[in-house]
Amino acid sequence: VAVAEACAVTDARSMLAAILEVAEDGIYAMTLDGTIVAWNHGAERIYGYAAEQILGKPVSLLVPKDRNEEMATILAQIRRGETIEHLETIRLRSTGSPIEVWKWVAPTRDDRGHVTGAVAIVRDVTPIQQALRQTEESNAQLRSQEEMLRQALKALRKSHEEQKATQLQLIQSAKLESVGRLAAGVAHEVKNPLAIILMAAENLSAAIEAPDPDTAAALADIQDSVRRADSVIRGLLDFSTATDLTTQDEDVNEVLERAISLVRHALTKSKVTLVKEFEEGLPQVVLDRTKIEQVFVNLLINAIDAMPAAGGTLTVSSFRDQVTEVGPGIGHRRTDTLRIGQSVIVVTVEDTGTGIDEQAMARLFDPFFTTKPPGKGTGLGLAVCRSIIALHGGTIQMSNRAVGGARATVMFQSSRR
Ligand SMILES: Nc1ncnc2c1ncn2[C@@H]1O[C@H](COP(=O)(O)OP(=O)(O)OP(=O)(O)O)[C@@H](O)[C@H]1O
Ligand SMILES: [Mg+2]
């Protein structure tokens, strides 16, 4: 203790006595073997022992059994003349209940500097620690509540997005319906004149015995153009009249075989290798054979068209599966045609072609969306496929394969027999 020179020894003693008297902390002194020899009011309040109860008793009374070793270490340190700066530990009240304390212990010395014992200062931090723990707990609670709120917000956002998507779908299908009606009307009007023009052109070229090259070319052009116009018109009619289905139980593999035989020529011409992976003994599917054939032919031709000039591999698979993932037309919404867990027959058409870029992906099924040169594609193929498949209570999806190229996936509900 730093005391000014002028301060007499008696003053120092009375100062110490005053400190012991007013200190809120517990202060006690002990001998080197741990016998308690001084005990202030603070210690009395913290430990619950009055001075006369504890003086001459071993300090181990204050120490929980499992911390006896800690006390032994402290005494050993004191004997070496070391100070214990700040120890956070547990002690016992006279009632046996534990208290959390912070402790400082310093050795006491005689005139010659020999260590005679120690003085310990003890602060009861039980209430502080409890308050700290409570704060931490309520912080954790706050955090978890915040997390719950965040989750709820996320769920809300998601359902809002879903609602918006359904609304868009509804608007889209309403639009398509009116486009379809319009198209059907126009197609009917145009179909007959086209047939007449075609017939006339054929008659003309038959009637002219040896036409000059220009006339012959012009006649051929007329016939070509009319045929192209006719195929557009037919596509439109397909699109708008897909509603008339003639269905019966069919074997999907047979329908696939027939569709493949229709594109056999295109396969050879484009040097495309065909791989068939059909699962045997699939359950039958209720479908309109001609319409589904048309869907498969469309997908096969799309795949062939996407292949590089050097050729590629076209893999057609059929298998049974269970719906596991929510997707377009799959889920729990009223407008969804397939439910999670439902048994389905799946047909996939995979190619090793260009794949589909993100912009095209969003518009593939739009009527008249095509990336093919004028005169080559009408852009009605996938739109027709989708409306036909939807009428069958199935789904159709286009995706990119991880290995490059695209995949068409068609799912049918298997007939319940
Ligand atoms: N397997 C595929 N790989 C890459 N792109 C594809 C594939 N299938 C379709 N597409 C893209 O989708 C577009 C639309 O296809 P869709 O079948 O509707 O029309 P189309 O083939 O262009 O014309 P149509 O079928 O009327 O002759 C294609 O132009 C093409 O860009
Ligand atoms: Mg197509």
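The figures follow:
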item	result
Hey, Asp214 of a type in the set (Asp, Glu), assigned to a helix (DSSP H, G or I) and open to solvent by 90 Å² or more (accessible area, probe 1.4 Å) or not	yes
Residues (free of Cβ contacts under 8 Å to residues at least 12 places away in the same chain, away from ligand 2 (no atom under 12 Å from the Cβ) and in a loop (DSSP other than H, G, I, E, B)) located in the stretch 344-380	Asp357, Pro373, Pro374
Some residue of the stretch 199-210 being open to solvent by less than 80 Å² (accessible area, probe 1.4 Å), at pLDDT below 80 and in contact with a helix residue (DSSP H, G or I) (Cβ under 8 Å, 6 or more places away or on another chain)	no
Extreme residue, nearest to Gly404 (Cα to Cα), among residues of the stretch 283-300 that are open to solvent by 20 Å² or more (accessible area, probe 1.4 Å) and within 35 Å of the chain's Cα centre (by Cα)	Asn298
Breaking point among (1) closer than 19 Å to Asp305 by Cα; (2) at pLDDT below 80; (3) surrounded by 13 or more Cβ atoms within 10 Å (Cβ to Cβ), for Thr354	(2)
Residue check, Arg133 within 30 Å of Ala23 (Cα to Cα), assigned to a helix (DSSP H, G or I) and not polar (S, T, N, Q)	yes
Criterion: open to solvent by less than 70 Å² (accessible area, probe 1.4 Å), of a type outside the set (D, E, K, R) and modelled with pLDDT of 95 or more - qualifying residue of Phe278, Phe239	Phe278
Helices (runs of 4 or more DSSP H) wholly inside the stretch 22-106 containing at least 3 residues that are open to solvent by 40 Å² or more (accessible area, probe 1.4 Å)	41-47, 68-79
Among (1) farther than 21 Å from Val285 by Cα; (2) away from ligand 1 (no atom under 12 Å from the Cβ), the one test that Ala303 misses	(2)
Close pairs (8 angstrom Cβ cut-off, 6 or more residues apart or separate chains): among the acidic types (Asp, Glu) in the stretch 40-53, open to solvent by less than 70 Å² (accessible area, probe 1.4 Å) anywhere	Glu44/Gly26; Glu44/Ala50; Glu44/Ala51
Selection within the stretch 304-343 - under 18 Å from Val263 (Cα atoms), in contact (Cβ under 8 Å) with a residue 40 or more places away in the chain and assigned to a loop (DSSP other than H, G, I, E, B)	Met307, Pro308, Gly311
Single unsatisfied condition, Asp244 versus (1) open to solvent by 80 Å² or more (accessible area, probe 1.4 Å); (2) in contact with a Leu (Cβ under 8 Å, 6 or more places away or on another chain); (3) modelled with pLDDT under 85; (4) not hydroxyl-bearing (Ser, Thr, Tyr)	(2)
Scope the stretch 301-324; condition open to solvent by less than 40 Å² (accessible area, probe 1.4 Å), over 32 Å from the mean Cα position of the chain (by Cα) and more than 16 Å from ligand 2 (Cβ to nearest atom); matching residues	Gly311, Gly312
Whichever residue in the stretch 405-417 is open to solvent by less than 30 Å² (accessible area, probe 1.4 Å) and more than 17 Å from Val252 (Cα to Cα) and, among such residues, is nearest to ligand 1 (Cβ to nearest atom)	Ala406
Inter-residue pairs, beta-carbon under 7 Å, first of a type in the set (A, V, I, L, M, F, W, C) and in the stretch 264-289, second open to solvent by 100 Å² or more (accessible area, probe 1.4 Å) and outside any helix (DSSP H, G or I), 6+ apart	Leu282/Arg320; Val286/Gln248
The stretch 379-395 - residue that is closer than 13 Å to Ile301 by Cα and not hydrophobic (A, V, I, L, M, F, W, C) and, of those, nearest to ligand 1 (Cβ to nearest atom)	Gly381
Yes/no for Ser343 being surrounded by fewer than 18 Cβ atoms within 10 Å (Cβ to Cβ) and in contact with a Phe, Trp or Tyr (Cβ under 8 Å, 6 or more places away or on another chain)	no
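The values are calculated or read from the model by the stated rules, or taken from the named source; none is laboratory data. Quantities reported herein were computed from a predicted structural model and do not represent experimental measurements. We place every Cβ from the backbone using ideal geometry, glycine too, and count neighbours over all the protein chains shown. Surface areas here come from the heavy atoms of the whole protein model, side chains and all, with no ligands, DNA or RNA. Shrake-Rupley method; radii C 1.70, N 1.55, O 1.52, S 1.80 Å.
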